[in-house]
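Peer 1: The structure that follows is given in the form of structure tokens.
The values are calculated or read from the model by the stated rules, or taken from the named source; none is laboratory data. If you're wondering where the values come from, they're calculated on a predicted model, not measured in any experiment. Glycine gets a Cβ as well: all are built from the backbone with ideal geometry, and neighbour counts include every protein chain shown. Accessible surface areas use protein heavy atoms only, side chains included; no ligands, DNA or RNA. Shrake-Rupley method; radii C 1.70, N 1.55, O 1.52, S 1.80 Å.
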Amino acid sequence: MSSSHADNGRPAGQETTTAEEAAAQGTTPAVSAEETTPTAAKQPTARHNRRTSGSGLVVRFDVSQTASLTSIAQSAIESLKLILPNISSALSAAPNPALALLHDTEVTAQITALLRSSTSGAGDDNLCRWLYDTFQSNNPDLKLVVLRFLPILLGAYLSRVVSRRKSLAGFEAVLLSLYAHETNRRASQPLTVNIPDLAHPSIYHETKSPLKYNATALNLAVISPSLEPHGMVRSTKRARIVGVALELYYTKIEKIPESSKIDFCEFCRLWAGGDDESGGAKKDEREEEEEEEEEDIGIIPLPWEILQPILRVLGHCLLGSNLITKSKKNETTPLFKAAIGAIRSLYVRSMHDINPKAILATGSLMRLGNMAIESGDEVDYTEIPAQTVINL
């Protein structure tokens, strides 16, 4: 993102939003970090200035390459105080300010409320600018803070982008930042997985069929194709950019707070059409009121580029650790309940759309979830029974 001032340079490799949206707002989010490396170490500082248009403060913070991770996190928190004045000063004094910010429930509630507001996501949105700058920092824990709010951001963005009632350049700049990060990390290589070939013998089975090709040949399945750089969010590339952002969310999902995963599951349920078995064609009054309160979050197109990473995240939420509580038989956690509800809605949606690939994937996750509920925590079939252990 670049500032409206001519003296604010754009970092190398920086992604931009659409020119029409930037022109509509007269400005875009500010630059996150300086590219020049100072000769002496300096502490990152939060600063603000006024736009030439006089529309308010431009909140940004500068991050030196030589600054410590703690100083970078403290600078990010200080700049956030210009947007959320009620932030506790104890965050900056914590041993790890970035992790303290990640798990602070009060700050999370304030940022969530701003992202869900009707005025969020524009090119002059200071919160979007802060999210962009924070993700550009060298602090990995601060990157987690940005990813923690990705479900809320997508919930607002995907529901509004269809109507295009206002500019969403701020949201798109954050998404392009995540996409550019993944593009550089993958180095133009696709994500693949090696699928075992049952035509070859293994330690688990034998085969009598003659080998028709080299036994060392790999059967590679492409999970995510190679990425190409994008400088704006076009309608034809939107699903791919959003899908890559979700893939990045999935790679860090173990470190992301559970509340963010529950939010993601709830948004997936709404995107699929809620609990309506007709695929969302009809809504009762309660659902309509909830959608109005959540800024018309409802049914959205779900191409495979978006649905595949969604199902990967839901699979983790469904089958991750501590999903079945041990206090009472078959009592599930809130994350498990949210995940199985989202999967059921997606299954109904895939049946309504007659999407065979989606039906197979969501149906498989539903069966796995039902198996987890039925088995509870009584039997673990991966453990060797004590009576079968031979002591020598």
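Peer 1: Can you give me the C-alpha center-to-center distance between segment 154-176 and segment 333-361, rounded to a whole angstrom?
Peer 2: 24 Å
Peer 1: On to the next question. Label points 7 Å out from Cα along the Cβ direction at T105 and T192: separation in nm?
Peer 2: 4.7 nm
Peer 1: Now a separate question. Using a 1.4 angstrom probe on heavy atoms only, work out the carbon and sulfur share of the accessible area of segment 144-272 in %.
Peer 2: C and S fraction of accessible area: 56 percent.
Peer 1: Now a separate question. Report ³J(HN,Hα) in whole Hz for each residue of segment 94-106, in order, from the Karplus equation J = 6.51 cos²θ - 1.76 cosθ + 1.60 where θ = phi - 60°; Gly and Pro get x.
Peer 2: Calculated HN-Hα couplings, in order: 5, x, 10, x, 5, 5, 4, 5, 4, 9, 7, 6, 5 Hz.
Peer 1: Kindly report the accessible area of segment 59-189 per residue (heavy atoms of protein chains, probe 1.4 Å, no ligands, DNA or RNA), in Å². Show your work: numbers first, answer last.
Peer 2: Details: 4330 Å² over 131 residues.
In whole numbers, segment 59-189 has 33 Å² accessible per residue.
Peer 1: Using the Karplus equation 6.51 cos²θ - 1.76 cosθ + 1.60 (θ = phi - 60°), what ³J(HN,Hα) coupling, rounded to whole Hz, does each residue of segment 354-369 give in order, writing x for Gly and Pro?
Peer 2: Each residue of segment 354-369 in turn: 6, 9, x, 5, 5, 4, 5, 5, 5, x, 5, 5, 4, 5, 5, x Hz.
Peer 1: Are there GluC sites (Glu not before Pro) in segment 159-268 that DSSP marks as loop and that have at most 16 other Cβ atoms within 10 Å, and which are they?
Peer 2: Answer by residue number: E206.
Peer 1: Got a sec to turn the phi values of segment 179-185 into Karplus ³J(HN,Hα) couplings, 6.51 cos²θ - 1.76 cosθ + 1.60 with θ = phi - 60°, whole Hz, x for Gly and Pro?
Peer 2: 5, 5, 4, 5, 4, 5, 5
Peer 1: Counting only residues 5 or more places away or on other chains, whose amide H sits under 5 Å from the amide H of L191 once H atoms are built in the peptide plane?
Peer 2: I223, S224
Peer 1: With labels modelled as points extended 7 Å from the Cα through the Cβ direction, what inter-label distance (nm, one decimal) is found for I203 paired with K81?
Peer 2: With each label placed 7 Å out from Cα toward Cβ, I get 5.7 nm.
Peer 1: Tell me which residues come under 5 Å, amide H to amide H, from N96 once H is placed; ignore anything under 5 positions away on its chain.
Peer 2: none
Peer 1: For segment 216-259, state which trypsin sites (Lys or Arg not before Pro) are in a DSSP loop and have at most 14 other beta carbons lying within 10 Å of their beta carbon.
Peer 2: Here the sparse-neighbourhood loop sites are R234, K237, K252.
Peer 1: Extension gain R185-E228, at 0.36 nm per residue separation less the Cα-Cα distance, in nm?
Peer 2: Gain in length upon complete extension: 14.3 nm.
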